[in-house]
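Let me begin by presenting the structure, written as structure tokens, before commenting on it.
The values are calculated or read from the model by the stated rules, or taken from the named source; none is laboratory data. All of these numbers come straight from a predicted model, not from anything done at the bench. Don't worry about glycine lacking a Cβ; one is built from the backbone with ideal geometry, like all the others, and counts go over all protein chains shown.
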Amino acid sequence: MNDAWYLHADDYYVPTEDAGDYPVRQGDVLAGPRVDGETWLAAQIVHPTCELTKGSVREIQVVRVRPLSDLDDDFLRSLVVAGYSERNGHRRVALAHTFFLPPWTTDGDPCFASFREIATVPRTSADGANRLAAITHDCRVSFVRRWLYFRFRLAFGTDQVRDWEAIRISSDPTFAGPKPEWALS
């Protein structure tokens, strides 16, 4: 696996003025839910993986989003941002339980999602009014790729995950919102 985990920060989020064209989906950043008596800063949707518009969906799974400043030192923060470490000339996945999130607002702080902090919240937590940021299709590919590595230790390349997403999107007759160029055929 030789490609980077993360996109350039400018490629993470759908522009705010266009976000209404995109239904809430896996990977989108939501206002922090209240979990076990504590209100999280934010959360990122991990399940269900497609649009959340199905009437049968009553609950969703989210992971906790924390500010990068929650980590103890600059070294740990650098590992989250890179997603890799280097040891004896070999690149290794670092802190696989994290997904780096650049600020979603101009005055925001960089954050990370912690895949180890997962909760089930009501579906109503994931509506457009509670969405802080809609991620791009390319960012979703990065998110899914990192999630697969964390959950199953399967190291897929970006192109593989993008190809799977293209098949899923192009064969879904109920797909809503703009499609990525790589899934138009």
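When you scan the range 134-146, do you find a residue that is buried (at least 20 other Cβ atoms within 10 Å of the Cβ) and at pLDDT below 95, even just one? No; the residues of the range 134-146 include none that is buried (at least 20 other Cβ atoms within 10 Å of the Cβ) and at pLDDT below 95. Among the candidates Val93, Val63, the residue that is of a type in the set (A, V, I, L, M), out of contact with any Asp or Glu (no Cβ under 7 Å at 6 or more places or on another chain) and either under 20 Å from Gly128 (Cβ atoms) or touching a residue at least 12 places away in the same chain (Cβ under 8 Å) (or both) is uniquely Val93. Counting the residues of the range 114-140 that are among the hydroxyl-bearing types (Ser, Thr, Tyr), part of a helix (DSSP H, G or I) and in contact with a helix residue (DSSP H, G or I) (Cβ under 9 Å, 6 or more places away or on another chain) gives 1. Looking at the structure I just gave you, is Cys111 closer than 25 Å to Val14 by Cα, more than 11 Å from the chain's Cα centre (by Cα) and crowded, with 16+ Cβ neighbours inside 10 Å? Taking the combined requirement at face value, the residue satisfies it. Put simply, of Phe175, Phe156, Phe100, Phe143 the only residue that is in contact with a helix residue (DSSP H, G or I) (Cβ under 7 Å, 6 or more places away or on another chain) and not in a loop (DSSP other than H, G, I, E, B) is Phe100. Has the range 135-156 got any residue that is under 20 Å from Thr105 (Cα atoms), in contact with a strand residue (DSSP E or B) (Cβ under 9 Å, 6 or more places away or on another chain) and of a type in the set (Lys, Arg)? No - not one qualifying residue is present in the range 135-156. Scan the range 157-175 and give yes if some residue there is within 21 Å of Val24 (Cβ to Cβ), in contact with an Asp or Glu (Cβ under 6 Å, 6 or more places away or on another chain), surrounded by 13 or more Cβ atoms within 10 Å (Cβ to Cβ) and not hydrophobic (A, V, I, L, M, F, W, C), otherwise no. There is no residue in the range 157-175 that is within 21 Å of Val24 (Cβ to Cβ), in contact with an Asp or Glu (Cβ under 6 Å, 6 or more places away or on another chain), surrounded by 13 or more Cβ atoms within 10 Å (Cβ to Cβ) and not hydrophobic (A, V, I, L, M, F, W, C). Of the residues in the range 67-84, not one is out of contact with any Asp or Glu (no Cβ under 6 Å at 6 or more places or on another chain), of a type in the set (A, V, I, L, M) and under 20 Å from Ala129 (Cα atoms). Here the strands (runs of 3 or more DSSP E) wholly within the range 9-68 that include at least 1 residues being out of contact with any helix residue (DSSP H, G or I) (no Cβ under 9 Å at 6 or more places or on another chain), surrounded by fewer than 18 Cβ atoms within 10 Å (Cβ to Cβ) and at pLDDT 95 or above are 59-67. Scoring Arg87 on the criteria (1) among the basic types (Lys, Arg); (2) over 28 Å from Ala166 (Cα atoms); (3) surrounded by 13 or more Cβ atoms within 10 Å (Cβ to Cβ) leaves a single failure, condition (3).
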